[in-house]
Amino acid sequence: MDKKIIAIVLIVLLALVTVVAIESYLLFGKTPKTNQNSPSPTPNPTSTSTPTTTQAATSLNSTPSVPTFTVILTNTSYTVPTTYYTDPQTGANITKAGYFVNAENLTFIIQNQPNVNYYLIRWTTPYAINWTYLYEAYPVNATLAQSSGSETVWALSGTYGSFYISPSDWVNGYTFSASPEFSFESNATIEFQVQAVNGQYGLVTDYNSQGDLISVYHDIFGPASAWSQTQTVTIP
């Protein structure tokens, strides 16, 4: 009797094991068929476009080209002749001596270009070691704002090699902190160069470690071109 029970139990267990094996095969044993006509999965797309920089940002960061310019020194001196006349009250013969007026014009003609705000001008001589800014206002020289149109023209009037910056030039962007005058010696050969700047003109304040104000000046913040080729004039 015990053997029969044991045999029945064994048969039941075997049946259960068989059922579990079949279900496992049905659930996990099959490999799905591949549809040969279905396209391969598309990978995540990769952008090939180049980021676009706005025109304003490009203009702000653009380094100007080397400027082209001409400097012309013209002598417009003249002589006032001696005049003679009779004093209408006394009848005396009056002689008014003539005199010579020395007059010179120094004119810079710069070819404008896009993305330029200011121009810097410096000078030297064949015998000098260093360049000097025109007109120098430490630590940056005066700046000439680019005008509208195709050229920026800056004309200075002077006498005997001394030239003056008139108040009207303030409107054109030329700034200075002291006497608006610069001078060259007679018979001197002066060499000029121009630099273009794409930047903003701002006020700079320097303080020492104790917080005391030690200097206030203007400077230009932005990329600048290389210096131009040299143009030369001879002071009469």
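The values are calculated or read from the model by the stated rules, or taken from the named source; none is laboratory data. Just so it is clear, the model here is predicted, and its values are computed rather than measured. Cβ: placed from backbone, ideal geometry, glycine included. Neighbour counts: every protein chain shown.
Considering only residues of the range 93-102 that are touching a strand residue (DSSP E or B) at 6+ places or on another chain (Cβ under 6 Å) and not in a strand (DSSP E or B), which is farthest from Gly161 (Cα to Cα)? Result: Gly98. Among the numbered conditions (1) surrounded by 14 or more Cβ atoms within 10 Å (Cβ to Cβ); (2) farther than 21 Å from Thr76 by Cβ; (3) modelled with pLDDT under 85, the only one that Thr124 does not meet is (3). Contact annotation: residue pairs with Cβ atoms under 9 Å, 6 or more positions apart or on different chains, pairing a residue in the range 220-236 that is on the phi > 0 side of the Ramachandran plot with a partner that is surrounded by 13 or more Cβ atoms within 10 Å (Cβ to Cβ) and of a type in the set (Val, Ile, Thr), are Gly222/Val197. Residues in the range 201-219 that are without any contact (Cβ under 8 Å) to a residue 24 or more places away in the chain and assigned to a strand (DSSP E or B): Gly202, Leu203, Val204, Thr205, Asp206, Tyr207, Leu213, Ile214, Ser215, Val216.
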